[in-house]
Amino acid sequence: MFLNPVRSLQTAFWQGCEINLGSSTLRIAAHAQRPRMWEIERTAAGDVVHFGRNRFALADVARVSGEEVRDRYTDGLLLGAVVFLAAACAISFGVFDGGLRSRYLLGTVFLAFLGIAGISELAKLNRQSYYEVKIALVTGETLTFTSADRADVEAFMARIAPSR
């Protein structure tokens, strides 16, 4: 049986395990929650916030605002459905009024099926929600921290909120 090493390490991280390394045993403790996507480092110059590729001093934060964003990404599905249905209509018009051979109606059925499948996917599509934190720095730069974890975002905002 083939084991996926990445999946095995993820399972070990969340559930905990012991790995026998011959003369010693490596114990991985179970984690109760997902690790944070940000960190605050303490340096001699002051606290530095780090998330993603962004790094800034905590003292440079001028304003913090957060919002929940709910969206349904429908543009691609809608465009695909419209293109397939328009192509099906064009081919069927060509067969019935333009003198094309009737064998092209098979393509019309296939394209219409793809268009209807795209519309049915649109009907089943759920909203995706995530949280955005906009951080305005004293320098005028605006950074955005995005996460799907509400608790992580609230902890982040509480930790970096300016105390002025």
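Values in this text are rule-based calculations from the coordinates and carry no lab data. Since the model is a prediction, treat every value here as computed from it, not as a measurement. Quick reminder, even Gly has a Cβ in these numbers, built from the backbone with ideal geometry, and neighbours come from all protein chains shown.
Some points to look at:
- Scoring 129-139, 40-50 by mean Cβ neighbours within 10 Å over their residues and listing the highest first yields 129-139, 40-50.
- Note on residue 159/residue 120: beta-carbon distance plugged into 1/(1 + (r/R0)^6) with R0 of 45 Å gives a FRET efficiency of 0.50.
- Residues in the stretch 104-144 that a label on residue 86 would reach, taking backbone N under 19 Å of a point 7 Å out along Cα→Cβ: 108-120, 122
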